[in-house]
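Taking it in order: structure first as structure tokens, then the write-up.
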Amino acid sequence: MTSLNYTTHSVDSIVKSCLDISDPHLHFFNEPYDEKINGISYKVFQATINFLPHELTNFRCFNCGFTTFYRNGYTPKRLIRIPAVNATHQTTIQARSARIRCRNCNSTISAKTTLLPPNCQISYSLRDKIATKLRHDISAKTIAYEEGVSASTVNRMLSHTRSEFRNNFNFLPLHLCFDEFRGTHNSYHFICLDSDNHVIQTILPNRFKDTIIKYFMKFPESVRQLVRTVSCDLNSYYVDIAKTLFPNAKIIIDRFHIVQMLNRALNSMRTDLMNNFERSSKNYKLFKRNWKLFLKRYDDLDCTHQFYERSLKIWTTSERLVNSRLEVGDQAFNEAYWDYQHLLEIIVAPTKNKIDIFKQRINEVHQKYLIKRTLATKSEKVLLSFFDNLDAIISALDPMYSRYTNGPLEGINRKIKQIQRTAYGYRNFDHLKARIYLQTYLGKDTRSSMKIA
């Protein structure tokens, strides 16, 4: 390596400036050199760790308390890992600590540096860099490879991260969302979200009723009574839990799940009706080929633009085609279709009159199958499920509560899937929980809605 003939003081100041180090105990005395350590290329900076003058003046032996000492050379060389200064080499400081010995008890004391914790070789700056990368969609092995540490080291730093970001049991958000996701060991974990600022309230190791109740019972009853809404899907015990724990909260069934249930029932009935015809018949082909039109909102069907339908060998419109197939279909399919359309109309433009008509339809189906529900069609079974959660369904359709849905929580669940996909799955629940908190809190305002209510 070509020498630049720097003085010792200039080398120290330049290296400290380049490495962003301000510790006065550390003194660099030579130019860096390249070396392979355990098969990894390193840029090595040589340095000594010295005592400051005031530390020697005020010296007192930690063992016997005497103030007399003499210098006892330096400790063996050790490596201090710091963030890499370029893309091709890892960076390390090869340091030796000055040592002094007590004249009374012969105890030795070595000079310390503020770059890293005691008995460790990974600096605080490298730890901070790893912690920053853990907040992004990068696997632990990738971080370990890029920073020149082991994957176990990255996971150990992840374990030191405070995975439970909300330890205050003196307040709860005003609006909550309940759901679950598939996590470690192919099991389901309960997740709760603040519906206002989309911050995770908690993640529990399972979705058992006792586990959820035990967690929320840690909050005083006066705090739980302040919760105004709880959004969830049609999971029966979520509704029961919400009623038990939050007596003053309005239970809201997510509108997406309401529409999805009736949508799937209608599509299944269309398939059953289609299979009643011969595969070569026109009706079979029309029901199969145009399945999207039956799931579309009726007002959105085109009644002016014509297209050529090969099965009928005529020019027709989407609206005319659907009406002609409804005439072919049986009464059950027609009722399911118009129930579905009525629900879509409420979602798009909700009014009290439309909601009352839909509620009346649900009650009629309940009265019809009061004795034996097994005789109901697929769509009517969905309406019977709506009857079992009628108050929560009506609250969900009410325009007053239209802004409270499980949509933000479904988005976080999608992000959790990506976290697990990047890492090829997790075996440790605490590691998964910590990564979820770190990545979802990135750039978030974590103030609770309770504080600004």
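Please treat every number below as a calculation from the coordinates, not as lab data. Just so it is clear, the structure is predicted and the values come from calculations on it, not from any experiment. Here the Cβ positions follow ideal geometry from the backbone for every residue, glycine too, while neighbour counts run over all protein chains shown.
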(message) Quick check: the angle from helix 151-160's long axis to the longest principal axis of the chain, C-alpha only, nearest 10 degrees?
(response) 80 degrees
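Net charge within 12 Å of Ser324 by Cβ-Cβ distance, Lys/Arg positive one each and Asp/Glu negative one each, not counting Ser324 itself?
On the way: positive: Lys282, Arg320, Arg325; negative: Glu309, Glu319, Glu327.
Around Ser324, the charge tally is 0.
For segment 256-401, go through all pairs of different Cα atoms, get the mean of 1/r, take its inverse, and jot down that Kirkwood value in Å. Present the calculation step by step, with values, prior to reporting the outcome.
Working: mean 1/r = 0.0610 Å⁻¹.
It is 16.4 Å.
Could you tell me the convex hull volume per residue, in Å³, taken over the Cα atoms of the chain? Present the calculation step by step, with values, prior to reporting the outcome.
Working: hull volume 120.9 nm³, N = 453.
Once divided by residue count, the hull of the chain is 267 Å³.
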(request) Please work out the FRET efficiency for the pair Ser311 and Ser268, using the Cβ-Cβ distance as r and a Förster radius of 22 Å; give the result to the nearest 0.05. (result) 0.50
(request) Restrict the search to segment 37-83; then list the chymotrypsin sites (Phe, Trp or Tyr not before Pro) that DSSP places in a loop and that have at most 13 other Cβ atoms within 10 Å of their Cβ. (result) Phe62
(request) Give a quick list of trypsin sites (Lys or Arg not before Pro) in segment 194-286 that DSSP marks as loop, anything other than H, G, I, E or B, with at most 15 other Cβ atoms within 10 Å. (result) Lys218, Arg279
(request) Be a star and scan segment 195-226 for residues whose amide nitrogen sits under 15 Å from the point 7 Å along the Cα-to-Cβ vector of Asn170. (result) 219-224
(request) Report, in degrees rounded to the nearest 10, the 0 to 90 angle that the Cα long axis of helix 331-348 makes with the longest principal axis of the chain. (result) 50 degrees
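In deg cm²/dmol and to the nearest 500, what is the mean residue ellipticity at 222 nm of the chain if only DSSP H runs of at least 4 residues count, each as -39500 (n - 2.57), divided by the residue total?
On the way: 18 runs with 193 residues, N = 453.
The per-residue figure over the chain is -13000 deg cm²/dmol.
As a footprinting exposure proxy, order Ser125, Ser222 by other Cβ within 10 Å, with the fewest listed first.
Numbers: Ser125 16, Ser222 8.
Fewest-to-most ranking of Ser125, Ser222: Ser222, Ser125.
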(request) With a cut-off of 11 Å, note down the residues of segment 393-412 whose backbone N falls inside the zone around a label point 7 Å from the Cα of Gln260 toward its beta carbon. (result) 406-407, 410-411
(message) What FRET efficiency comes out for Asn30 versus Arg421 if R0 is 56 angstrom and r is the Cβ-Cβ distance? Round to the nearest 0.05.
(response) 0.75
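Among DSSP bridges having both ends in the chain, what percentage is antiparallel? Round to the nearest 5. Working shown, then result.
Values: 34 of 50 bridges.
Roughly 70 percent of the beta bridges in the chain run antiparallel, per DSSP.
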(request) Using the charge dipole of the chain (Lys, Arg: +1 at Cβ; Asp, Glu: -1 at Cβ; taken about the Cα centre), state which of Tyr284, Ala111, Leu301 has its Cα farthest towards the positive end. (result) Ala111
(message) Among Asn334, Thr184, Pro76, whose Cα projects farthest towards the positive end of the dipole of the chain, with charges put on the beta-carbon of Lys, Arg (+1) and Asp, Glu (-1)?
(response) Pro76
(request) Just rank Ser107, Ser280, Ser195, fewest to most, by other beta-carbon atoms within 10 angstrom. (result) Ser280, Ser107, Ser195
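Not counting the cut sites, what is the longest span of the chain without GluC sites (Glu not before Pro) that DSSP labels loop and that have at most 14 other Cβ atoms within 10 Å? Can you show the working numbers first?
Details: sites that count: Glu164, Glu278.
Between exposed loop sites, the widest span is 279-453.
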(message) Helix 407-422 against the longest principal axis of the chain: what's the angle in degrees, Cα atoms only, rounded to the nearest 10?
(response) 50 degrees
(message) Students often forget the sequence filter, so: which lysines lie under 20 Å Cα-Cα from Lys372 once same-chain residues fewer than 8 apart are removed?
(response) Lys381
(request) Please work out how much length the chain gains when fully extended from Leu370 to Ser110, using 0.36 nm per residue of separation minus the C-alpha to C-alpha distance, in nm with one decimal. (result) 85.2 nm
(message) Spelling out what I want: for every residue of segment 247-261, take phi, set θ = phi - 60°, compute 6.51 cos²θ - 1.76 cosθ + 1.60 (Karplus), and round to whole Hz; glycine and proline get x.
(response) x, 9, 8, 8, 7, 10, 7, 4, 5, 4, 5, 5, 5, 4, 4
(request) Could you please report the charge total around Leu158, scoring K, R as +1 and D, E as -1 over all other residues with beta-carbon less than 9 angstrom from its beta-carbon? (result) +1
(message) For Lys288, give me every one of the lysines with a C-alpha distance below 18 angstrom, ignoring sequence neighbours fewer than eight places off in its own chain.
(response) Lys296, Lys313
(message) Give me the dipole magnitude in Debye, nearest 20, for segment 261-325 about the Cα centre, with unit charges on the beta carbon: positive for Lys and Arg, negative for Asp and Glu.
(response) 280 debye
(request) Please report His27, His342, His9 as a ranked list, fewest other C-beta atoms within 10 angstrom at the top and most at the bottom. (result) His9, His342, His27
(request) State the extension gain, in nm to one decimal, for the chain segment bounded by Glu221 and Trp291, taking 0.36 nm per residue of separation less the distance between their alpha-carbons. (result) 20.1 nm
